[in-house]
Amino acid sequence: MNVEALNSWPEREAEAALLRCCGSWRWVRAMLARRPFANEEAVGHAASEIEASLQRADWLEAFTAHPRIGDLDSLKKKFAATATWAEGEQAGVAGAADEVLLALAEGNRLYEQRFGHIFIVCATGKSAVEMLTLLRARLPNSPEDELGIAAAEQAKITRLRLEKL
């Protein structure tokens, strides 16, 4: 992470960069308000404090900034600003067997129907089978528990993306 650059960017540029890390406008605005940051640790600390204050609507907004796991078409079209990052994060899906991809698509559909938002998982380093296993394991969760789990996964993704700035 280049903290010096993050601190020196004009407001719009910093806003766009932070929005690529987390799709919650409340999170982005709060991060902008905390600039300048002393170091990387201060950025991470601010991100964590702000995440602790986010409400359900903020998390749902952040989730909409992600493509569905395994949905490579929407990754390239709708999520162009983060496509390279998301493609790397979802690298475990590339080359997965068709039956796994179909099961992911069906699992995503069931998950969205049950919880009202896409399945969020920090996919970095996970295979398609691992992600499918996690998706299936999380389907029985209560909506409240699942929101907390998805928010924690979003926070992991945000940290990885902050490191890439």
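Read the figures in this text as sums done on the coordinates, not as results from a lab. This one's a predicted model, so the numbers in the text were calculated from it and none came from an experiment. Virtual Cβ from ideal backbone geometry, glycine too; neighbours counted across all protein chains shown.
Quick one: grab Rg to one decimal and Dmax as a whole number for region 96-135, Cα atoms only, in Å.
10.0, 27
Roughly speaking, what is the centre-to-centre gap between region 116-165 and region 6-71 when only Cα atoms are used, to the nearest Å?
17 Å
For Ala46, what is the net charge nearby, where nearby means another residue's Cβ is under 14 Å from its Cβ and Lys, Arg count +1, Asp, Glu -1?
Residues near Ala46 contribute +1 overall.
For region 47-60, what does the Karplus curve 6.51 cos²θ - 1.76 cosθ + 1.60, with θ = phi - 60°, yield as ³J(HN,Hα) per residue in whole Hz, taken in order and with x for Gly and Pro?
My calculation for region 47-60 gives 4, 5, 4, 5, 4, 5, 9, 5, 9, 3, 4, 5, 5, 4 Hz in order.
Could you derive backbone 3J(HN,Hα) for region 2-13 from the dihedral phi with the Karplus parameters 6.51, -1.76 and 1.60 (θ = phi - 60°), listing whole Hz in sequence and x where the residue is Gly or Pro?
Couplings: 9, 5, 4, 5, 4, 5, 8, 4, x, 3, 5, 5 Hz.
Can you tell me the order of 39-50, 109-120, 136-147 when each peptide is scored by its average per-residue count of other Cβ atoms within 10 angstrom, highest first?
Ranked from most to least packed, the peptides come out as 109-120, 39-50, 136-147.
Compare the peptides 124-131, 9-16, 26-33 by average per-residue count of other Cβ atoms within 10 angstrom and give them in order, highest first.
The packing order, highest mean first, is 26-33, 124-131, 9-16.
Taking R0 as 25 Å, what FRET efficiency do you get between Lys156 and Leu102 from their Cβ-Cβ distance, rounded to the nearest 0.05?
0.40
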